[in-house]
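J.: Sharing a structure with you now.
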Amino acid sequence: FLNYSEINNITLKNNQELKALENVVNSTTFTLSSKIAKRYPSFDLQASGLPKYVSGKNYNSSSTTTKTSQFSANPTLNIKLDLIDPLRGSEVKIARNNYLIAKNNYEIKKKDLIQEAKSRYHKLQKSYQDIKNKTLSLDLSITSLKDAQSKFDAGIGTKFEVLEADAQLSRDRQSLNEKRIQNQINKIALKEILNINGDFAINQKQKLIGFWNHKLNKNITEGLVNSLSLKNINLKKSIKENQAKNYLNAYKPNVYISNIFSSSFNKGDSLSPEIDPEKSGSSYTNTVSLNFGWNIFDGGQNKNLYKSSKADAKSENYSYNNLENVLKTNISKAYLNLK
C-alpha cells in the first residue's frame, strides 16, 4: 500500500536517474580533492634494479684483464613542493564550481522527479474517482433506457427517446472502458517513476493538501532567488572566467623546491683482476634546489584561448537573462492556473 507521504523517500531510494547523478556528484568530489592535493608535496621513489647483477670481462692485450661480478641497487627519492603555481588556484576554483553544478543538477532532478511522482499519484487518484463517476453515469443510463422503453411500451413514449437513451448508454459504456484503461496507464506511469516491482495499491481518497497565499510578485522574487538553474549559469560563467585566467597564467613563472636523495649499494667487484665476492660499498647524495620554469612565448595560442573563454563567459549573461524571463513567465502561468 503506497501512501502519498512515502513518495519522497521511495523516489530517492529507487529512481535510477538520481542514482546516476549521485555518482556524478561523487566523481566531481574526487576531482576537487585531487586538485586541492596539488598544494601538498609530492614524493617520487625510483629504483634502478632491485637488485641488479652485472657480470663481465674486460680483455686488453696491453693491460691486465679485469672482471666484473657485482650486485647493486640504486634507489632515488624525489620530493617536490610547488611554491608558486599560477594554474593551481584557478584549477581548484573550476573543480569546486563543477562540484557545485553537479550537486545543483542532482537537487534539480530530485525536485522535478518528486513533483512528477506526486503529480502522477494525484492523476491515479483522480482516475479511480473518474471510474466511480462513470459507473454512476452508466447506472443512470441503464435506468433511463428502461424508463424510455417502459414509456414506449405503454404508448406514452417515442421510439426516438428509446434510441437516444440506448445511444447514451453505449457512450457511457465506452467512456467507462476508457477511464479504466487510463487508470491502468496512470498506474504504470507511477510505477515507472518510483521503480516499483510488482503490483501496489494507493489511497484512493483525495483531500486538500494545502493553501498557497503568496502574492505573484513574491512568488517571482523567491523563484528567481532560489533557482538552482540560474545559480548553475553563474557557476558556468565563473568556470569560463577561471579558464581564461589560466590561459594568461600559463605565461607566468612556476617556482618549486625539489629535494633529490640518491643512494647506491653494491656487493662484489667491478673491473678488478680478481673478484672479491665479499667486497661491498655504498654512497649517497642529497640535492636541494630551488627551480624555476617560465613559458615566455607560444605564438599567441594561450592569448587567443583567453579571448575565446572570455567570449564564452559573456554569452552566459544572455543565457541568464533568457532563463530569468522564462522563469518569470512559468511562475506567472502556474500562479494564474492555481488561482
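J.: How large is the charge dipole for the chain, taken about the Cα centre, if only the Cβ atoms of Lys, Arg (+1) and Asp, Glu (-1) carry charge, to the nearest 20 debye?
T.: Its charge dipole is roughly 980 debye.
J.: Also, quick follow-up: What do you reckon, how do VAL92, VAL24 stack up by accessible area (1.4 Å probe), largest on top?
T.: Descending order: VAL24, VAL92.
J.: Mind checking which lysines have their Cα closer than 20 Å to the Cα of LYS159? Skip sequence neighbours fewer than 8 apart in that chain.
T.: Excluding near neighbours in sequence, the set is LYS146, LYS151.
J.: Here's another thing I want to ask about it. Cα atoms only: what Rg and Dmax, in Å, come out for region 36-118?
T.: Computed over the Cα atoms of region 36-118, radius of gyration and Dmax are 29.3, 98 Å.
J.: Quick one: pull the percentage of alpha-carbon pairs in region 80-165 with a separation above 16 Å.
T.: 76 percent
J.: Which residue, ILE196, LEU176, LEU163, has the largest displacement toward the positive end of the dipole of region 158-199 when charges sit on each Cβ (Lys, Arg +1; Asp, Glu -1)?
T.: Farthest along the dipole direction, towards plus: ILE196.
J.: Measure nothing but the geometry: give the 0 to 90° angle between the long axis through the Cα atoms of 88-154 and the longest principal axis through the Cα atoms of the chain, rounded to 10°.
T.: Tilt of helix 88-154: around 20 degrees.
J.: Just the accessible area per residue of region 72-170, please: how many Å² with a 1.4 Å probe?
T.: About 56 Å² of surface per residue is accessible.
J.: Oh, and also: Anything over 21 Å Cα to Cα? Flag those among LYS245/LYS303; LYS110/LYS191; LYS123/LYS205; LYS103/LYS191; LYS35/LYS240, in the order listed.
T.: Beyond 21 Å between Cα atoms: LYS103/LYS191.
J.: What is the magnitude of the charge dipole of region 154-306 about its Cα centre, with +1 placed on the Cβ of each Lys and Arg, -1 on the Cβ of each Asp and Glu, and no other charges, expressed in debye to the nearest 20?
T.: 1080 debye
J.: Quick one: with all protein chains in place, what share of the accessible area of the chain is carbon or sulfur, to the nearest percent (1.4 Å probe)?
T.: Using a 1.4 Å probe with all protein chains present, the chain comes out at 53 percent carbon and sulfur.
J.: Here is a follow-up. In the set [x] 57, 42, 41; [y] 99, 53, 40; [z] 146, 48, 35, which value of Cα extents along the principal axes in Å was calculated from the structure you see?
T.: [z]
J.: Here is a further query. Going by the alpha-carbon gyration tensor, a ≥ b ≥ c the square roots of its eigenvalues, is region 232-339 rounded (a/c under 1.5) or, if a/c is not under 1.5, prolate (a/b greater than b/c) versus oblate?
T.: Taking the square roots of the gyration eigenvalues as a ≥ b ≥ c, region 232-339 is prolate.
J.: Another question, if that's okay. How do the peptides 214-222, 231-239, 73-81 rank, highest first, by the average count of neighbouring beta carbon atoms within 10 Å per residue?
T.: With the highest mean Cβ count within 10 Å placed first, the list reads 231-239, 73-81, 214-222.
J.: Report the gain in length on full extension from ASN9 to ASP312: 0.36 nm times residue separation, minus Cα-Cα distance, nm rounded to one decimal.
T.: Using 0.36 nm per residue and subtracting the Cα-Cα distance, I get 105.1 nm.
J.: Bin width 10 Å, origin at 0, all Cα-Cα pairs of region 185-241: what percent of pairs per bin?
T.: Reading upward from the zero bin: 16, 21, 22, 31, 10, 1.
J.: For LYS339, list the lysines whose Cα falls under 17 Å from its own Cα; do not include residues on the same chain fewer than 8 positions away.
T.: LYS215, LYS218, LYS328
The values are calculated or read from the model by the stated rules, or taken from the named source; none is laboratory data. From a predicted model like this one, the values you see are computed outputs, not experimental measurements. All Cβ positions, glycine included, derive from the backbone under ideal geometry; neighbour counts span all protein chains shown. Only protein heavy atoms, including side chains, enter the accessible area calculation; ligands, DNA and RNA are left aside. Shrake-Rupley method; radii C 1.70, N 1.55, O 1.52, S 1.80 Å.
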